[in-house]
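Working notes, structure below.
The values are calculated or read from the model by the stated rules, or taken from the named source; none is laboratory data. Owing to the predicted nature of the structure, the values given are computational and were not obtained by experimental measurement. Backbone-built Cβ (ideal geometry, glycine too); neighbour counts: all protein chains shown. When the accessible area is computed, the model is the full protein with side chains, heavy atoms only, and any ligands, DNA or RNA have been set aside. Shrake-Rupley method; radii C 1.70, N 1.55, O 1.52, S 1.80 Å.
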Amino acid sequence: MSEATAPAFSLELSEDVRDVRDWAHGFAADVIRPAAAEWDEREETPWPIIQEAAKIGLYSLDFFANQWLEPTGLGIPVAFEELYWGDPGIALSITGTGLAAVSVASNGTQEQLFEWVPQMFGSADDIKLGAFCSSEPDAGSDVSAIKTRAVYDQAKDEWVINGVKTWATNGGIADVHVVVASVEPEFGSRGQASFVIPPNTPGLSQGQKFKKHGIRASHTAEVVLDDVRVPGSCLLGGKDKLDERLARAREGKRSKGQAAMKTFEASRPSVGVMAVGCARAAYEYARDYSVQREQFGKPIGDNQGVAFLLADMATRIDAARLLVWRAAWMARNGKDFTNAEGSMSKLYASETATFVTQNALRLLGGNGYTREYPVERWHRDATIFTIFEGASEIQKLIIGRQITGLPIR
């Protein structure tokens, strides 16, 4: 979108965005939050909750597409904040498919987008899931170390993929997997590409399912690829585009469009707002508790130490939200992250979530440390935001490189 047609930045949400916010909040309050403790204990995908979301259109391609294309860029951040306010684990089960969809949108052609993304969501009567698979046992933050290999079989116009992916949301249970693989290992991340693995493709299987510290209602597992064959059309962006990028790499020229990085760059503001939702849930609970809980004959919130801490929480949450909104607006309106604004939003929001949830737990004292109160769960959930889709240290590295122009290591 050109600057001439880009909507002016405003902190006043449109009526449509406010309506979606209220709709998502109602679902989070009435359906997600009452079920959160149960699914956290079960450590299973909350299929009944996803089904309810699909029935009302909250889990659907239409919903994600409409919010993604919302002109101000705030459709997804506003809706996600409410869902993650409800419960991060269940919310990730509802929104996790979005990362695979973003990968196709960021790296694929329009034809690939129309073909594969609908198959990631299915319908209210036949729910489908998508999974984005980038990390490996020896390649997390270091995306260039990916060992999963894709080899082109020219005679059959097929790609043969072998390797093991890890930490994949919906990994193994998804209907459509998007896998980042190395085509020319000597070029590191510049020699990588993304591939769609269609439903029921032989050779793809689920490996270990992880028992996690937090976001337990979200399925996280290894994905094993053993001689997986996919048609040439499953290479996102097409072979001509890949060949052009590899040619530039061989000439020593810089190339844009690194497979995993394009996905993460597009998703960072969304991850940031997930953290904002989690932080806001803990802050609101601690605030209300501090007004109701009495010690020494008065509410604990009447003590400066408590009130000042609540003030820090509220201020950081608002600052994190504004950073996310700025990055989301920039991304939607085609403005480059010249100062790594996407990374800034993800970094600050995730660190805010850990700060707020830790101190909310402390404000509740012994009660906060028990599973009878939800802040213990939010504290566990918040930790992941500083780790996945680029750890805080990686975000700082990206920001540092961008603002100095130096190849910081």
Check residue 207 against each of (1) closer than 23 Å to residue 105 by Cβ; (2) open to solvent by 10 Å² or more (accessible area, probe 1.4 Å) and name the one condition it does not meet.
(1)
Close pairs (6 angstrom Cβ cut-off, 6 or more residues apart or separate chains): touching a residue at least 60 places away in the same chain (Cβ under 8 Å) in the stretch 296-307, open to solvent by less than 60 Å² (accessible area, probe 1.4 Å) anywhere
300/290; 300/306
Would you call residue 93 of a type in the set (Ser, Thr, Tyr), farther than 30 Å from residue 409 by Cα, open to solvent by less than 10 Å² (accessible area, probe 1.4 Å) and out of contact with any Gly (no Cβ under 9 Å at 6 or more places or on another chain)?
yes
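I'd like to verify a number: residues in the stretch 146-180 that are at positive phi and either of a type in the set (Asp, Glu) or in a strand (DSSP E or B) (or both), how many? First the steps, then the outcome.
Here is the first cut: in the stretch 146-180, the residues at positive phi are 157, 163, 167, 170, 172.
Subsequent filtering for residues that are either of a type in the set (Asp, Glu) or in a strand (DSSP E or B) (or both) retains 157, 163, 167.
The number of residues fulfilling the criteria is 3.
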Of the numbered conditions (1) under 30 Å from residue 96 (Cβ atoms); (2) surrounded by 20 or more Cβ atoms within 10 Å (Cβ to Cβ); (3) at pLDDT 95 or above, residue 284 fails exactly one; give the number of that condition.
(2)
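With respect to residue 110, is the statement that it is free of Cβ contacts under 8 Å to residues at least 24 places away in the same chain and farther than 23 Å from residue 164 by Cα true? Write out each step before concluding.
Numbers: free of Cβ contacts under 8 Å to residues at least 24 places away in the same chain: yes; farther than 23 Å from residue 164 by Cα: yes.
Judged against the criteria, residue 110 is a match.
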Name the pairs: first residue in the stretch 73-97 and in contact (Cβ under 8 Å) with a residue 60 or more places away in the chain and closer than 15 Å to residue 15 by Cα, second residue open to solvent by less than 10 Å² (accessible area, probe 1.4 Å) and not in a helix (DSSP H, G or I), Cβ to Cβ under 8 Å, at least 6 apart or on different chains?
73/333
Unmet requirement for residue 245, which otherwise passes all of (1) open to solvent by less than 20 Å² (accessible area, probe 1.4 Å); (2) under 18 Å from residue 103 (Cα atoms); (3) over 25 Å from the mean Cα position of the chain (by Cα)
(1)
Condition first: open to solvent by 40 Å² or more (accessible area, probe 1.4 Å), touching a residue at least 60 places away in the same chain (Cβ under 8 Å) and not in a loop (DSSP other than H, G, I, E, B). Now tell me which residues in the stretch 368-383 satisfy that.
379, 383
Select from the stretch 181-203 the residues that are part of a loop (DSSP other than H, G, I, E, B) and closer than 21 Å to residue 246 by Cα and write down the one among them that is least open to solvent (accessible area, probe 1.4 Å).
183
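Taking the condition under 14 Å from residue 64 (Cβ atoms) and touching a Phe, Trp or Tyr at 6+ places or on another chain (Cβ under 6 Å), does residue 103 pass? Don't jump to the end; show me each part of the working.
On the way: under 14 Å from residue 64 (Cβ atoms): yes; touching a Phe, Trp or Tyr at 6+ places or on another chain (Cβ under 6 Å): yes.
When the stated conditions are applied, residue 103 passes them.
Among the residues of the stretch 292-336, which ones are assigned to a strand (DSSP E or B) and of a type in the set (D, E, K, R)? Spell out how you get there, then give the answer.
From the stretch 292-336, those assigned to a strand (DSSP E or B) are 294-295, 298-299; that's our starting set.
294, 298 - these are the residues of the stretch 292-336 that are assigned to a strand (DSSP E or B) and of a type in the set (D, E, K, R).
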Every residue from the stretch 297-353 that is open to solvent by less than 30 Å² (accessible area, probe 1.4 Å) and either on the phi > 0 side of the Ramachandran plot or polar (S, T, N, Q) (or both)
333, 340, 343, 345, 350, 352
Answer with yes or no whether residue 178 is of a type in the set (A, V, I, L, M, F, W, C), buried (at least 16 other Cβ atoms within 10 Å of the Cβ) and closer than 30 Å to residue 36 by Cβ.
yes
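Return the only residue of 43, 111 being in contact with a Lys or Arg (Cβ under 6 Å, 6 or more places away or on another chain) and farther than 25 Å from residue 327 by Cβ. Step through it out loud before you land on a result.
Values: 111 fails: in contact with a Lys or Arg (Cβ under 6 Å, 6 or more places away or on another chain).
Every option except 43 fails the conditions.
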May I ask you to verify whether residue 403 is under 18 Å from the mean Cα position of the chain (by Cα), open to solvent by 60 Å² or more (accessible area, probe 1.4 Å) and of a type in the set (Val, Ile, Thr)?
no
How many residues does the stretch 136-182 hold that are within 25 Å of residue 89 (Cα to Cα), modelled with pLDDT of 95 or more and hydroxyl-bearing (Ser, Thr, Tyr)?
2
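Condition check ((1) farther than 16 Å from residue 151 by Cβ; (2) at pLDDT below 95) across all residues:
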| residue | (1), (2) |
| --- | --- |
| 190 | yes, yes |
| 194 | no, no |
| 210 | yes, no |
| 218 | yes, no |
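Would you mind finding the one in 398, 387 that is open to solvent by 70 Å² or more (accessible area, probe 1.4 Å) and either under 16 Å from residue 267 (Cβ atoms) or of a type in the set (Val, Ile, Thr) (or both)?
Values: 398 fails: open to solvent by 70 Å² or more (accessible area, probe 1.4 Å).
Matching residue, one of 398, 387: 387.
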From the list 116, 68, pick out the single residue that is open to solvent by 20 Å² or more (accessible area, probe 1.4 Å) and either under 15 Å from the mean Cα position of the chain (by Cα) or of a type outside the set (D, E, K, R) (or both).
68
